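Contents: one structure, followed by commentary.
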Amino acid sequence: MTTGIVSLSLDMLLLFVHDLEREVAFWHGVVGLPLAARHGDSFAELDMGNGRRLGLHGGITSIGADKDPHHSGGYIPAFTCDDIEAAAKRLDERGVRLVNRQDQPYALILTYADPEGNLFELTKTK
């Protein structure tokens, strides 16, 4: 017997940001996610692969940079990465702040901050 929602899969992760232009420049230009769609001055979608999108909702002033996702119920996008060292080098060369590096028995996890302080992770399973 099944309880709960069946066949649930992630479609989009929404990230509420203050400055949409700066965030699109970061996620597209620095991180390298393809820009999938732009909806005026308030919303952009980036392709995270496998049919999943990162939605950037701009002009938000009450959430985002001032929230600590570890303590406020916020979310941290975590991306799997085949060549984590090359990805880390790319981000380092572009001045992206490495917040934490965890070398766990099961994975290497690198936590970075975007220009507004929103955290994201790159992971490589061992």
Between residue 104 and residue 35, how many nm apart are label points set 7 Å from Cα along the C-beta direction? 3.5
Chain lengthening between residue 12 and residue 126 when straightened (0.36 nm per residue, less Cα-Cα): 38.4 nm
Quick one: what are the phi-derived ³J(HN,Hα) couplings along the stretch 111-120, Karplus 6.51/-1.76/1.60 with θ = phi - 60°, whole Hz, x for glycine and proline? 10, 10, 10, 7, x, 9, x, 5, 8, 8
Simple label model, 7 Å out from Cα along Cβ direction - residue 82 to residue 94, nm: 1.9
Once amide hydrogens are built 1.01 Å from N within the peptide plane, the residues lying 5 or more places from residue 79 or on another chain with amide H under 5 Å from its amide H are 121, 122, 123
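Quick note: the coordinates plus some simple rules give every number you see, no bench work behind them. Being a predicted model, the structure only gives us computed values, none of them experimental. Note: ideal-geometry Cβ built from the backbone for every residue, glycine included; neighbour counts use all protein chains shown.
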